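The values are calculated or read from the model by the stated rules, or taken from the named source; none is laboratory data. Values in this document were obtained by computation on a predicted structure and should not be read as measured data. Because the Cβ atoms are built from the backbone with ideal geometry, glycine has one as well, and the counts that use them run over all protein chains shown. All accessible areas refer to the heavy atoms of the entire protein, side chains included, with ligands and DNA or RNA removed. Shrake-Rupley method; radii C 1.70, N 1.55, O 1.52, S 1.80 Å.
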Amino acid sequence: YMNLYPTHLNSTDYANATKPVMVDADVRPAEGILSWGSFSDITTQSASLANTAYSMKLNTIEGASGFTIENDSLGFPTRIKALKTGVYNLQFSAQLENTANTNINFDIWLAYTGSNVIRSSTAIDVNKTAGQLGRNVAAWNFVYPIQAMDYVELKWACSSTTGVLMAD
């Protein structure tokens, strides 16, 4: 009070004086907003078995604050670990390719601490015929709450071993 109203330094009648309004801002929501990460993988990822779940590998950290990448039980860098609790917008894009002249289906979904998140799977058909590339881009967002020190993974599967996630 004395610093805000120096002319009242000698006054003892603070009860009738105009007082500043103090606003207490809660910074906890901003902690989640300030956390970010940009991750990629420089290898093409293949489906060695049809209709089998794989975690997307993320062997390159472009930059991050509030997130780290950890290895899964197989030793691959797939787990996006949050250092702070928050509701996060997880955005991704993946170039899907079918290497054979067939039609195949990819499924992509979110997993939280090893369990599939219900209603998060989306299917994409990738068709290829002679003379066509047979590529599609999957790109969407998951808005999901993550507890501090928990992790999420992007999972994928395809209906054929000719399905790959392209590195370029």
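What do you reckon, is L49 hydrophobic (A, V, I, L, M, F, W, C), more than 17 Å from the chain's Cα centre (by Cα), closer than 28 Å to A130 by Cβ and open to solvent by 60 Å² or more (accessible area, probe 1.4 Å)? Yes; evaluated as a whole, the condition is true for this residue. Within the stretch 115-142, the set of residues being in a loop (DSSP other than H, G, I, E, B) and surrounded by 13 or more Cβ atoms within 10 Å (Cβ to Cβ) comprises V117, S120, S121, K128, G134. May I ask you to verify whether T113 is within 16 Å of Q45 (Cα to Cα) and hydroxyl-bearing (S, T, Y)? So T113 does not fit the description; no.
Each row is one residue, and each column tells you yes or no for (1) among the aliphatic types (A, V, I, L, M); (2) modelled with pLDDT of 95 or more; (3) touching a Cys at 6+ places or on another chain (Cβ under 6 Å).
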| residue | (1), (2), (3) |
| --- | --- |
| N105 | no, yes, no |
| G114 | no, yes, no |
| I118 | yes, yes, no |
| K128 | no, no, no |
| L133 | yes, no, no |
| W140 | no, no, no |
| Y151 | no, yes, no |
| K155 | no, yes, no |
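For K84, the conditions (1) closer than 21 Å to Q45 by Cα; (2) open to solvent by 60 Å² or more (accessible area, probe 1.4 Å); (3) in contact with a strand residue (DSSP E or B) (Cβ under 9 Å, 6 or more places away or on another chain) are fulfilled apart from (1). The residues listed here are G63, G75; of these, the one that is of a type outside the set (S, T, Y) and in contact with a strand residue (DSSP E or B) (Cβ under 6 Å, 6 or more places away or on another chain) is G63.
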